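Structure, as structure tokens:
The values are calculated or read from the model by the stated rules, or taken from the named source; none is laboratory data. None of these values were measured; they are calculated from a predicted model. So basically every Cβ, Gly included, is an ideal-geometry build from the backbone, and we count neighbours across all protein chains shown. SASA here: full protein model, heavy atoms, side chains in, ligands and nucleic acids out. Shrake-Rupley method; radii C 1.70, N 1.55, O 1.52, S 1.80 Å.
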Amino acid sequence: MNRTVSWCAAGGVIVAALTAVPTPQAYGGDDREQRSAEVMRELVPSPDGPGCAAAVGRRGEVVWEAGRGKADLATGRAITPQTVFDMASNSKQFTADAVLLLAGRHRLALDDPLSDHLDHPPAWTRDVTLGDLMRHTSGIPDYQDLLEAEGVKVTDPAGQEEALAAILASRPEQTPGKGFSYSNSNYVLLAHVVERVTGRPFPAFLQQEFFTPLHLRMTLAPAADVPGKAKSYDGKDGSYSPNSSPWKQYGDGSVQTTAGELVRWADNYRTGRVGGKELLAGVTDGAVDVGDVLRPRGIEEGRYGAGMLVLPDKSLVHRGDWEQFHSTFKVSPDRNTAVTVVCNAEPPDSFRAANRLLDIWTK
């Protein structure tokens, strides 16, 4: 249930139309759909348990999408391309882009000290910049660990205010700006900064500045039962139990959408339709080396930018894990093609599946 496993709603607008997706563009005369379906069968061997949805987008259009497995074991509801999932840490890119958007409007700067955006800042916040938060170089411990140390379990109610209080009562565990250390606290703080600068609830800001202008069927809604959403499950080998938490933090996660909508969003990394050249440059500018934390996933090198990992070939990638929702999102080096694989139980290897799908649709 920990978002930190991966490199890994007040004011929210629940969109009933989340369950609708555009019709995929037809690709005839080749075997890409057949090969993609085989990837899904290997990823989800049995259609009778929890499963996955996947989508491939090309320049903002969904060219292939599929679902396999069950969205709800109690009712037998199947996973389809219309099934909504919690995208977990793949939500961080929207938070980072919100900060870049405001920087482009000169409402804040990445070298602002965090203390500039707090009412009663602890002394250590003078040494942490917004850029440190965005790139996970603040050294601040993860609020999930801090809350659990206070006796607050993931099955106990806890919201944004509780997370912020725990974070600000702590202090960096390493010198800010000196090295990468992934922490969800960074993005909870960034969402708070956006709210302070704009005077708007963060979920509403994302809706008004990103989701609505780009015609995306998305919402930021922590711990919400969004229409068409899958249930998530612990366990394997046919023995599953529902998994959920009442925690309601945001900034680090909680965007609810379909696999197809996330690959439609990816086209903003090509066009800069929202945010322009400043946002596009900011996604990769100043990206920091993440060291060897990705080697267990077969990635030897990577640099963390604005809510996205930048690989040596210039592709963008991120993972998300929360409440047994697992998402992998990847954008090709030329920014023309994107893939999302999202599951409602621990999959065998969704990252490998995403790479295979991207290869199928770019070669």
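Listed values, structure above:
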quantity	calculated
Rounded to whole Å, sorted largest first: equivalent-ellipsoid semi-axes of the stretch 89-197, Cα gyration tensor	22, 15, 13
Protein-only accessible surface order, largest first, of Glu61, Glu38 at 1.4 Å	Glu61, Glu38
The stretch 254-363: projected area of the alpha-carbon convex hull, averaged over directions, in nm²	7.1 nm²
Set of lysines near Lys248 by C-alpha distance (under 25 Å), chain-local residues within fewer than 8 positions excluded	Lys92, Lys153, Lys229, Lys231
Surface accessible to a 1.4 Å probe, Thr198 within the full protein complex, Å²	30 Å²
5 Å binning of all Cα-Cα separations within the stretch 73-116, expressed as whole percents from 0 upward	5, 16, 15, 16, 11, 9, 8, 6, 7, 7, 1
Amide H partners (placed H, <5 Å) of Gly51, local residues excluded	Lys70, Asn344, Ala345
Cα centroid separation - the stretch 119-144 against the stretch 207-267, whole Å	26 Å
Correct choice for Rg and Dmax of the Cα atoms in Å that was computed from the model, options [x] 19.2, 64; [y] 29.8, 101; [z] 26.9, 134	[x]
Residues listed by number, the stretch 337-363, amide nitrogen under 18 Å from Asp30 label point at 7 Å toward C-beta	337-340, 354-363
Computed Rg/Rh of the stretch 247-297, alpha carbon atoms with Kirkwood Rh	1.05
Computed over the stretch 196-255, the ratio Rg/Rh where both radii use C-alpha atoms and Rh is Kirkwood	1.10
Solvent-accessible heavy-atom area per residue, rounded to whole Å², over the chain at 1.4 Å	39 Å²
